[in-house]
1. Enumerate the strands (runs of 3 or more DSSP E) found wholly within region 82-165, keeping only those where 2 or more residues are assigned by TED's automatic domain parsing to the domain that holds LYS70 and modelled with pLDDT of 95 or more.
2. Considering each residue of region 18-54, count those that are closer than 19 Å to VAL93 by Cα and without any contact (Cβ under 8 Å) to a residue 24 or more places away in the chain, and give that number.
3. Picking from ASN25, ASN58, ASN64, which residue would you name as being part of a loop (DSSP other than H, G, I, E, B), among the polar types (S, T, N, Q) and more than 20 Å from HIS99 (Cα to Cα)?
4. Give me the residue from region 183-201 that is exposed (fewer than 15 other Cβ atoms within 10 Å of the Cβ) and of a type in the set (D, E, K, R) and, out of that set, modelled with the highest pLDDT.
5. Taking region 71-90 as the search range and keeping residues that are within 16 Å of ASN38 (Cβ to Cβ), touching a residue at least 12 places away in the same chain (Cβ under 8 Å) and of a type outside the set (Phe, Trp, Tyr), which one is surrounded by the most Cβ atoms within 10 Å (Cβ to Cβ)?
6. I'm trying to understand the selection: among the residues of region 208-228, which are assigned to a helix (DSSP H, G or I) and surrounded by fewer than 16 Cβ atoms within 10 Å (Cβ to Cβ)?
7. Quick check on my filter: what residues within region 92-131 are out of contact with any strand residue (DSSP E or B) (no Cβ under 6 Å at 6 or more places or on another chain) and either of a type in the set (D, E, K, R) or without any contact (Cβ under 8 Å) to a residue 12 or more places away in the chain (or both)?
8. I'd like to check something: does region 20-32 contain any residue that is among the aromatic types (Phe, Trp, Tyr), in the same structural domain as VAL88 (by TED's automatic domain parsing), over 14 Å from the mean Cα position of the chain (by Cα) and buried (at least 16 other Cβ atoms within 10 Å of the Cβ)?
Amino acid sequence: MKILHLFAFRFWSGPAETIFNLAMNQRRAGHEVYVALNNDDDVIRAEESSKPYFQNKNLLLSGNYLLSPKHCGLSIFKDILFFSNMRVDIIHVHSTHDHFIGGLSSLINKWCRPRIVRSIHKNNISMPPIVPTHAVTAPCRQFLNDMGKDIPKCILPAIISELYVPATNRNESKKYCSYQKKYTIGMVSTFKESRNHRLGLKAFAEFHRFNPNSELILIGDGVEEDDLRKLVSDLSIFDKVAPMHAKVFYD
């Protein structure tokens with residue numbers, strides 16, 4: 001089966017790693033898989049590009065397309081024509097912009113009628129009314145409650161365990177985690193240079209000088225973990241930074 005992912009985003013954050021892992025698992029299952037990313041050429045140095053990750057595994061789709069929500073009109077029309085000339089079985093879309101372009105390109109595809117699968121990565125998303133949706137995936141069942149009854153739905157175990165339940169009472173969650181009467185600052189990210197945890201630690205050390213009843217929670221792992229632990233010690237905030245390792249909280 002030929003699967004094309006459309007992802008109008010270009011940074012290694014948000015759902016990028018999830019989509020990468022999903023595409024790799026689909027390829028291991030024997031499918032031919034490619035991913036089209038946002039090809040906008042403006043540079044944001046504070047963010048890490050996701051292109052090298054997809055290129056290194058030969059997942060990145062080459063070609064003259066843009067797939068950027070910042071551009072409209074002619075660029076969208078060109079993208080629709082570009083993707084409508086591809087022979088694929090499934091177009092897997094990950095945002096409203098992807099959905100619009102992928103859906104219209106499937107309707108005018110001269111070779112076949114690809115099925116449109118929409119992945120929902122957050123709640124309160126919008127679904128373009130004029131384009132087809134043949135199936136929907138989500139990381140947890142709560143995200144699927146507002147979808148149409150006739151659309152097949154699936155929890156993707158490759159993304160997150162179905163055991164996850166979003167918090168329904170934030171105050172109770174705070175009490176459970178003992179954060180009720182503190183300034184609690186959190187950061188969930190891989191410990192690597194592009195995430196700039198060093199700046200975050202220095203900023204927190206300055207904040208803590210004026211707000212002693214504060215704490216910092218870092219959740220993640222990565223190559224910079226040991227260096228960050230040393231910086232925490234050097235900044236004398238060791239007892240105010242929660243242990244740095246991957247955690248999962250269930251409400």
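1. Hits in region 82-165: 90-93, 115-119.
2. Here the count works out to 1.
3. Working: ASN25 fails: part of a loop (DSSP other than H, G, I, E, B); ASN64 fails: more than 20 Å from HIS99 (Cα to Cα).
Answer to the check: ASN58.
4. Per the stated criteria, the residue is ARG198.
5. Filtering region 71-90 down to residues within 16 Å of ASN38 (Cβ to Cβ) leaves 71-72, 75-76, 78-80, 82-83.
Now drop any that are not touching a residue at least 12 places away in the same chain (Cβ under 8 Å), which leaves 71, 76, 78-80, 82-83.
Still in the running and of a type outside the set (Phe, Trp, Tyr): 71, 76, 78-80.
Details: HIS71: 15, ILE76: 18, LYS78: 14, ASP79: 27, ILE80: 19.
Checked region 71-90; the qualifying residue surrounded by the most Cβ atoms within 10 Å (Cβ to Cβ) is ASP79.
6. Quick first cut of region 208-228, residues assigned to a helix (DSSP H, G or I) only: 208-210, 225-228.
Result: ARG209, PHE210, ASP226, ASP227.
7. Scanning region 92-131 gives LYS110, ARG113, LYS122, ASN124, PRO129.
8. Quick first cut of region 20-32, residues among the aromatic types (Phe, Trp, Tyr) only: 20.
With the extra rule that they be in the same structural domain as VAL88 (by TED's automatic domain parsing), the set shrinks to 20.
Subsequent filtering for residues that are over 14 Å from the mean Cα position of the chain (by Cα) retains none.
No; the residues of region 20-32 include none that is among the aromatic types (Phe, Trp, Tyr), in the same structural domain as VAL88 (by TED's automatic domain parsing), over 14 Å from the mean Cα position of the chain (by Cα) and buried (at least 16 other Cβ atoms within 10 Å of the Cβ).
The values are calculated or read from the model by the stated rules, or taken from the named source; none is laboratory data. Because the structure is predicted, anything quoted here is derived from the model rather than measured. Please note: Cβ atoms are built from the backbone with ideal geometry, for glycine as well, and neighbour counts cover all protein chains shown.
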